[in-house]
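Contents: one structure, followed by commentary.
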Amino acid sequence: MKTEIPLSKPIRRFLTSTEEILDTEISLLRQADAEPGGTLVDIYTYDIEKNVIILPAQYIGLLKDFVIAKQCTNLLIKGAAAKKSRYLVCSYTEDSVYRGMRQIYLDALKDEAKKETKLPVQKLIQMLFILFAHFNDDINELPWNAIVNASVYHRMPKIRKTQLYHVMKESKTDMDEMMEQETIVPRRYFVLNKAMFYARDMFLAKTLPADELMPVLNIPQMKKFNHLEVKEMLTTRWTQTAWYQSKVFGDNMLAIMERPLNLVKWDAEPTLDYYFDLYKIGVNLTDNLISYMTMRDWFVWEEPKHLLEAHKNKEEFEKKALKKIFGDLITDAWEDG
Amino acid sequence: MDDASRAKICRRTVMPVKEVVELLKRGKALAKRTKYKEAIIHFEKALSLDPNYPESWLLRATAFIETGRYKEALADCERALALDQNYADAWSKKGLVLYNLERFDEGILASTRATTLNGNDAAAWYIKGVCLDELGRNDEAQEAYGKSLELEIILDMDAERKKVGR
């Protein structure tokens with residue numbers, strides 16, 4: 001790894017050891033419009049020769065370091081899976097899209113029956129695949145987010161304060177997700193989506209203790225959180241929201257998350273085997289969450305190429321699923337919106 | 001008025017010719033698109049027209065840093081500072097160059113000067129932190145990192161607010 005970007009010592013070491021463990025190369029790239037959490041473009045997912053971590057250009061110090069630590073951990077988990085066995089992700093097929101969309105449709109009908117103002121049919125049809133894809137994205141991201149954050153927390157004590165800020169920020173974004181569609185999305189899915197993030201936040205709240213909050217508290221905008229524990233901060237956010245009912249589901253999901261994650265020896269020697277174990281735990285956790293949400297037949301474990309191909313064919317899958325669900329009732333005009 | 005603002009006003013009293021301003025503007029736009037070679041040519045033209053304008057030296061130094069030409073960048077930072085000893089951004093860039101040249105002791109001095117002139121320079125605080133870290137001065141490094149993080153978070157929150165307001 002050769003970079004012009006200044007890096008703190010622990011991060012430089014971590015980057016080097018990641019390259020050594022995986023026998024690969026990592027490049028850092030700053031981009032003005034990069035995602036706040038950075039983006040990992042890796043050789044285990046894409047047909048490329050070198051891994052690239054894309055960083056927001058405005059992150060110049062520890063915020064950038066945390067993004068690198070997080071994405072390196074992601075890379076280690078993916079790489080360990082690819083080297084020790086196969087790296088798989090939650091993908092979808094024509095049939096699984098049909099099953100998912102059909103289930104969402106049936107649940108939406110139940111909701112609609114109770115509503116005074118009905119959702120226009122066209123909107124309801126459009127919502128089916130959007131919601132399906134949304135859960136696909138989330139299930140491929142959320143369990144790993146908890147694992148990666150816990151790992152970084154234990155391995156990189158010097159950037160914990162930065163991590164805390166990222167976690168709080170991410171949590172806020174995730175909580176706001178789907179809010180604009182609250183009246184459209186079937187209640188069950190709205191609650192499940194919120195519950196997933198609630199569980200992730202509560203797990204992290206337990207993992208990141210309160211004393212790490214300083215010196216973030218020196219920042220005027222964050223003073224209102226003074227004397228609050230991280231756990232309290234995240235809990236307060238969740239309990240004061242309109243989706244408090246997410247807590248019931250969220251607590252169950254938290255238990256699902258904690259069961260395997262509490263057994264992890266986070267400070268064990270960071271070898272390829274260690275990261276492969278984290279991968280297996282992540283797969284298991286994903287399966288359990290999918291099971292809990294009764295979405296078992298929505299997704300299939302496949303290589304990343306399969307998912308990339310599925311994304312390319314998503315419009316086709318959606319059209320075919322709609323034809324199967326609605327038969328001749330569906331017209332092209334409906335499908336195209 | 002803080003030191004940085006005062007220094008900025010002092011520097012502005014030496015007004016560059018219109019052509020220099022235009023060249024620098026075009027050079028900056030090229031650098032933003034990572035076309036550093038072309039950017040350097042523009043900065044060089046500006047310098048040939050007016051070698052007494054510190055910002056031209058600093059901009060060329062920045063382009064040199066991006067292309068890994070640290071020794072040339074250092075020389076340019078020093079030229080900028082010879083013209084204006086209170087040029088906070090030039091001290092900040094000098095700190096970064098010295099870090100890249102692994103001259104950590106000098107890097108600390110330069111970034112400390114930068115943060116004295118402009119306490120809100122998150123990058124300078126960070127460079128000070130990494131240089132201190134390299135020399136094993138952990139407590140001092142943590143202090144500098146802490147300050148850098150505070151400033152970065154404030155900038156990030158402002159950017160978020162602007163994004164939401166858009």
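Only the coordinates and a few stated rules stand behind these numbers; no lab work does. Predicted, not measured: the structure shown is a model, and the values here were computed from it. Don't worry about glycine lacking a Cβ; one is built from the backbone with ideal geometry, like all the others, and counts go over all protein chains shown.
Enumerate the residues in segment B:93-123 having an amide nitrogen under 12 Å from the point lying 7 Å beyond the Cα of B:L155 toward its Cβ.
B:120-123
Per-residue ellipticity at 222 nm for the protein assembly as shown, helices alone: DSSP H runs ≥ 4 residues times -39500 (n - 2.57), over residue total, nearest 500 deg cm²/dmol?
Estimated from H runs of four or more residues: -22500 deg cm²/dmol.
Ranked highest first by the average count of other Cβ atoms within 10 Å around their residues, in what order do A:172-179, A:115-122 fall?
Final packing ranking: A:172-179, A:115-122.
Just how far, in whole angstrom, is segment A:279-323 from segment A:59-129 if you go by their alpha carbon centroids?
Spelled out, the Cα-based centre of one part sits 8 Å from the other.
Taking the Cβ-Cβ separation of A:D137 and B:K32 as r and a Förster radius of 30 Å, what is the calculated FRET efficiency to the nearest 0.05?
Efficiency for this residue pair is about 0.40.
Hey, can you grab everything whose amide H is under 5 Å from the amide H of A:E25? Only 5+ residues off in sequence or another chain; H modelled, so Pro and N-termini drop out.
A:N51
Name the residues whose placed amide hydrogens come within less than 5 Å of the amide hydrogen of A:S91, ignoring near sequence neighbours (fewer than 5 apart) on the same chain.
Excluding prolines and chain starts, which carry no amide H, the hits are A:V300, A:W301, A:E302.
What does the charge count around B:K32 come to, taking other residues whose C-beta lies under 13 Å from its C-beta (Lys +1, Arg +1, Asp -1, Glu -1)?
Result for the local shell: +3.
Where does helix A:160-176 land angle-wise versus the long Cα axis of chain A, in degrees 0 to 90, nearest 10?
Value to nearest ten degrees: 10.
Cross-link candidates for A:K118: which lysines have Cα within less than 24 Å, leaving aside residues fewer than 8 places away along the same chain?
Hits, sequence-local ones excluded: A:K110, A:K194, A:K319, A:K323, A:K324.
Hey, got the average number of other protein chain Cβ atoms within 10 angstrom for residues in A:8-15?
Mean shielding by partner chains, rounded to a whole number: 3.
Which value in nm describes the separation of the simple spin-label points at A:E309 and B:K163, placed 7 Å from the Cα toward the beta carbon?
Once both label points are built, they end up 3.4 nm from each other.
Counting partner chain Cβ atoms within 10 Å of every residue's Cβ in A:298-307, what's the average?
Across the residues of A:298-307, the mean count of other-chain Cβ atoms within 10 Å is 0.
Kindly state, to the nearest 0.05, the FRET efficiency for A:E94 paired with A:M179, given R0 = 30 Å and r defined as their beta-carbon distance.
0.45
Once you average over the residues of A:61-70, how many Cβ atoms of partner chains fall within 10 Å of each Cβ?
Neighbouring Cβ atoms belonging to other protein chains average 4 per residue here.
May I ask you to list the lysines whose Cα is less than 19 Å away from that of B:K128, ignoring any residue fewer than eight positions away on the same chain?
By straight Cα distance, B:K128 reaches A:K9, A:K64, A:K158, A:K161, B:K93, B:K94, B:K147.
Per-residue HN-Hα couplings for segment A:4-10, Karplus 6.51 cos²θ - 1.76 cosθ + 1.60 at θ = phi - 60°, whole Hz, x for Gly and Pro?
8, 7, x, 9, 6, 3, x
What does the charge count near A:Q31 come to, summing +1 for each Lys or Arg and -1 for each Asp or Glu among other residues with Cβ under 13 Å from its Cβ? Before the final figure, lay out each step's value.
Numbers: positive: A:R30, A:K64, B:K32, B:R33; negative: A:D33, A:E35.
Here the count lands on +2.
What are the ³J(HN,Hα) couplings of segment B:39-53, residue after residue, when phi is run through the Karplus curve with 6.51, -1.76, 1.60 and θ = phi - 60°? Round to Hz, x for glycine and proline.
Each residue's phi maps through the Karplus curve to give 4, 4, 4, 5, 5, 5, 4, 4, 5, 5, 6, 8, x, 9, 9 Hz.
How do the peptides A:270-278, B:112-120 rank, highest first, by the average count of neighbouring beta carbon atoms within 10 Å per residue?
Answer by packing, highest mean first, reads B:112-120, A:270-278.
Using a basic spin-label model with each label point 7 Å from the Cα along Cα→Cβ, how many nm lie between A:K110 and A:L329?
So the two model labels end up 1.8 nm from each other.
How high is the relative contact order of chain A, in percent, with contacts defined as C-alpha pairs under 8 Å that are six or more residues apart?
In percent, rounded to a whole number, it is 26.
Using the 10 angstrom Cβ neighbour count as an exposure proxy, how do B:E22, A:E170 rank, fewest first?
B:E22, A:E170
Using per-residue counts of other Cβ atoms within 10 Å, averaged over each peptide, order A:54-62, A:258-266 from highest down.
A:54-62, A:258-266
With θ set to phi - 60°, apply the Karplus curve 6.51 cos²θ - 1.76 cosθ + 1.60 along segment A:137-146 and write out the HN-Hα couplings as whole Hz, x wherever there is a Gly or Pro.
For segment A:137-146, the Karplus curve yields 4, 5, 6, 7, 10, 4, x, 6, 4, 5 Hz.
Can you give the net charge of the other residues whose Cβ lies under 14 Å from the Cβ of A:V264, counting K and R as +1 and D and E as -1?
0
In degrees between 0 and 90, to the nearest 10, how far off the longest principal axis of chain B does helix B:88-100 point, with axes built from Cα atoms?
Around 70 degrees separate the two axes.
Setting aside same-chain residues fewer than 8 positions from B:K162, which aspartates and glutamates have a Cα under 12 Å from its Cα?
none
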